[in-house]
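Structure first, then comments.
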Amino acid sequence: MSTPVNPPYIPFHPNPSKPQFRPPAGSVDAHCHVFGPASRFQYAQERKYTPVDATKETLFALRDFLGFDKNVIVQASCHGTDNSALLDALTHSDGKARGVAVVGEDVSDDTLSIMNEMGVRGVRFNFVKRLVDFTPREVLEEIATRIEPLGWHVVVYFEMADLPDLESFFTSLPAIVVVDHMGRPDVRKGVDDPDFRRYLRLLDQHQNIWTKVSGPERLTVSGAPYDDVVPFARALVERYPDRVLWGTDWPHPNMPVEAPDDGVLVDIIPKIAVTAELQRKLLVDNPMRLYWS
Ligand code: 0GY
């Protein structure tokens, strides 16, 4: 029997194109990561993949090249609960980055408070089974209670098929809950699919639940320029204009075939937010309210 091997890790696009779309002044890329460099910030022992280093310097240069002003850097599973690379990026961002950390239940109030000072505004709960080991719900509840005094929000990452199991937990959280990558719908099924309708119902009924309209490169079946994902993102932007965030997802860990061109990703924005007002809410007003107010 052959031993299963992980697919080779695909590095981020070396030379993204300049987007045609010009983001409004003050736009925020509200979902991206920094990885390493491993020589300074080791990857976690419990990680499920080892990425190629993707440093803060490269992220900030990409931000400028794409016409963005700020970043929200989300702690990825390959760094576990060691947020050092994230905090280092925040410290060197000139106030132009905020963070979402991953913490264990043993995190001290002092550490939370220091992270808050450094620009962290939320924690991430990851439920994607290929990325993380299972965390008991009591642990997540404890963390949610601990961050409440800081006014932080909770970012959740899951596959849409798991929503029925997770929904009652999400709706029990007292904080703002931000869903990564639209809850990862199966775009082959279309926007009228019961699973996506269920997701819309969840957001209809809970004003504290926000959604990122990111990750088309992960959700697409047809490939770039990701037109099969547009109806999902557009539906969310138009239905919840004050509760949507957009992000590149750079450096795009775990892409199965090829790294997306970040310029092409930016050019989706006018297709999913079709007026200047919707674009301003998506890229400026909403992330500023959540991360910089
Ligand atoms: C993303 C998506 C992925 C990875 C992570 O924490 C992570 O490792 O979020 C993925 O593989 O789908 O948002 O970067």
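Summary of computed values
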{"read-out": "Low-density loop cleavage sites - chymotrypsin sites (Phe, Trp or Tyr not before Pro) in region 49-155, where at most 12 other Cβ are within 10 Å (DSSP)", "value": "PHE134"}
{"read-out": "Pairwise label distance in nanometres, LYS18 with TRP292, each label 7 Å out on the Cα-Cβ vector", "value": "2.4 nm"}
{"read-out": "Of VAL74, VAL257, VAL52, the one that fluctuates the most in a GNM where the chain has Cα springs shorter than 10 Å", "value": "VAL257"}
{"read-out": "Region 239-293, dipole about Cα centre (Lys/Arg Cβ +1, Asp/Glu Cβ -1), debye to the nearest 20", "value": "360 debye"}
{"read-out": "Gained length - ASP162 relative to SER108, 0.36 nm times residue gap less alpha-carbon distance", "value": "16.4 nm"}
{"read-out": "Spherically averaged projected area in nm², based on the convex hull that wraps the Cα atoms of region 185-293", "value": "7.0 nm²"}
{"read-out": "Signed unit charges on C-beta, dipole axis of region 28-291, positive-most listed residue ILE143, ILE268, MET160", "value": "ILE268"}
{"read-out": "Magnitude of the charge dipole, the chain, Cβ model with Lys/Arg +1 and Asp/Glu -1, debye to 20", "value": "600 debye"}
{"read-out": "Accessible surface of the chain [probe 1.4 Å, protein heavy atoms]: carbon and sulfur percent", "value": "51 percent"}
{"read-out": "Residue-normalised accessible area of the chain, given per residue in Å² at a 1.4 Å probe", "value": "44 Å²"}
{"read-out": "Set of lysines with alpha-carbon distance to LYS212 below 21 Å, sequence-local pairs under 8 removed", "value": "LYS70, LYS96, LYS129, LYS189, LYS271, LYS281"}
{"read-out": "Interchain or long-range residues, amide H under 5 Å from HIS153's placed H", "value": "GLY122, VAL123"}
{"read-out": "Most to least accessible of ASP53, ASP193 (protein chains only, probe 1.4 Å)", "value": "ASP53, ASP193"}
{"read-out": "Cβ-based charge dipole, the chain, positive-most Cα from TYR240, ASN71, GLN42", "value": "TYR240"}
{"read-out": "Debye intensity ratio in log₁₀ form over the Cα atoms of the chain, taken at each q of 0.07 Å⁻¹", "value": "-0.23"}
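The values are calculated or read from the model by the stated rules, or taken from the named source; none is laboratory data. Everything numeric here is computed off the predicted structure, so don't read it as measured data. All Cβ positions, even for glycine, are placed from backbone atoms using ideal geometry, and neighbour counts span all protein chains on display. The accessibility values were calculated without ligands, DNA or RNA, using every heavy atom of the protein model including side chains. Shrake-Rupley method; radii C 1.70, N 1.55, O 1.52, S 1.80 Å.
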